[in-house]
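Here the structure comes first, spelled out in structure tokens, and everything after it is commentary.
Each value in this text was obtained by applying a stated rule to the coordinates, not by laboratory testing. Remember, it's a predicted structure, so these values are computed and weren't measured experimentally. Here Cβ is always computed from backbone atoms with ideal geometry, including for glycine, and neighbour counts include all displayed protein chains.
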Amino acid sequence: MARMPTRRLGMIAATAVLTAAAACAQAAPGAVSTTSTQVAAGGSHSCALTGSGLGYCWGNATDARTKVPAGRYRQISAGFAHSCAVTQSGRGVCWGRGLNRRTSVPAGRYTQISAGTVHSCALTAAGVGVCWGRNDTGQTRVPAGRFTQISAGGYHTCALTTDARVLCWGNDFDGQTNVPEGRYTQVSAGAYHSCALTDAGQGVCWGNDFDGQTRVPPGTYTQISAGNDHSCALTRAGKGLCWGADDRGQSRVPAGRYTQISAGAFHSCGVTRAGRAVCWGANTSGQGAARTHHMSR
């Protein structure tokens, strides 16, 4: 904590002060018992989807950010203090802290949704980007065009165009919207940095590098995720790697093979090939701890 300027606490910006004792709490790598297909690491909570589309969240329950509305979902996203998901019928749903209307999803049908620090974004079936919530740095002003993926970060947003370009907009204090030239297949907006995968599978990150979070290890990857002050990626063999800050253990990936990985504020999560949601790093609110969920699959 002492190494980070106050404004760096965001994925994402800090809106609460942790006690020294709580800040030192770390999770032993914990697995959620319910079979999962997707996991999302947020600010101080985590969310996952079961194979049948049931959503569940754990960790900091303030503002009901872990209280998933009843329904079946195709995708889920955990922000700093709120969460969002897309139902199997394509409706966007957000819950948790609703300040700046970040949980007020515009009417429509969506294919993907992303919860950031103070705003949220989604993609329509036609590939149009829609963002809502706080807009003090232009993070909700989506450029014209068609997109295949969108990612809401700290105070900026990034999206992947249909012609494999990455566009980012909003806060550029650390160069997080200054995208390197290239063709990309995936993008992830973190707190004050961004990451993407090239069409050759190489990881590229840009923006704030206070803790080395933009220094991608050499290798070929299938997925990448930008968090607060660290980043994570999956190799083609399914090995998880994280780099950047590691003061809470957020970059110490447990041994195993994964199908997905997610970098949050001060913790990270992954889905193993056996379908277990595993988290590691900060555990101030139980966001990285083992948790048993009893539900119908």
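In the chain, Cα pairs under 8 Å separated by at least six residues give a relative contact order of 19 percent. Across segment 74-86, coupling constants 3J(HN,Hα) worked out from phi with the 6.51/-1.76/1.60 Karplus curve, θ = phi - 60°, read 9, 7, 9, 9, 10, x, 5, 9, 8, 9, 9, 7, 10 Hz, and Gly and Pro carry x.
Once the Cβ-Cβ distance of Ala200 and Val128 is raised to the sixth power relative to R0 = 35 Å, the FRET efficiency obtained is 0.80.
If you take all other residues with their beta carbon under 9 Å from the beta carbon of His193, and give Lys and Arg +1 and Asp and Glu -1, the sum is -3.
Placing R0 at 45 angstrom, the Cβ-Cβ distance between Ser52 and Arg141 gives a FRET efficiency of 0.75 after rounding to 0.05.
Around the Cα centre of segment 157-213, unit charges on the Cβ atoms of Lys, Arg, Asp and Glu (plus for the first two, minus for the last two) sum to a dipole of about 180 debye. Overall, segment 58-202 carries a charge dipole of about 660 debye about its Cα centre when +1 sits on the Cβ of Lys and Arg and -1 on the Cβ of Asp and Glu, all other atoms neutral.
Packing around the peptides 234-240, 214-220, 274-280, 112-118, taken as the average count of other Cβ atoms within 10 Å per residue, puts them in this order, highest first: 112-118, 274-280, 234-240, 214-220. Among Ala81, Trp58, Gly42, which residue has its Cα furthest toward the positive end of the charge dipole of the chain, with +1 on Lys/Arg Cβ and -1 on Asp/Glu Cβ? Projecting each Cα onto the dipole axis, the largest value belongs to Trp58.
With a sphere of radius 15 Å drawn around the Cβ of Pro218, what net charge do the other residues whose Cβ falls strictly inside it have (Lys, Arg +1; Asp, Glu -1)? So the environment of Pro218 carries a net charge of +3. When the Cα positions of Gly98, Tyr184, Ala200 are compared along the charge dipole of segment 85-219, Gly98 comes out farthest toward the positive end, with charges on each C-beta of Lys, Arg, Asp and Glu.
What separates the Cα centres of segment 106-125 and segment 44-81 is a distance of 15 Å. Placing +1 on each Lys and Arg Cβ and -1 on each Asp and Glu Cβ, with no other charges, gives the chain a dipole about its Cα centre of roughly 880 debye.
Mean silhouette area of the chain, derived from the convex hull of its C-alpha atoms and averaged over all directions, reads 13.2 nm². Could you work out how far apart the two model spin labels at Asp246 and Asp63 are, taking each label as a point 7 Å from the Cα in the direction of the beta carbon, and quote it in nm? My value for the distance between the label points is 3.2 nm. Taking one equal scatterer on every alpha-carbon of segment 140-181, how large is log10 of I(q)/I(0) by Debye at q = 0.17, 0.19, 0.23 1/Å? The Cα Debye sum returns log10 ratios of -0.40, -0.50, -0.73. All other residues whose Cβ lies under 12 angstrom from that of Thr161 are scored, Lys and Arg at +1 and Asp and Glu at -1, for a net of +2.
The C-alpha radius of gyration of segment 105-250, expressed as a fraction of 2.2 N^0.38 Å, stands at 0.98.
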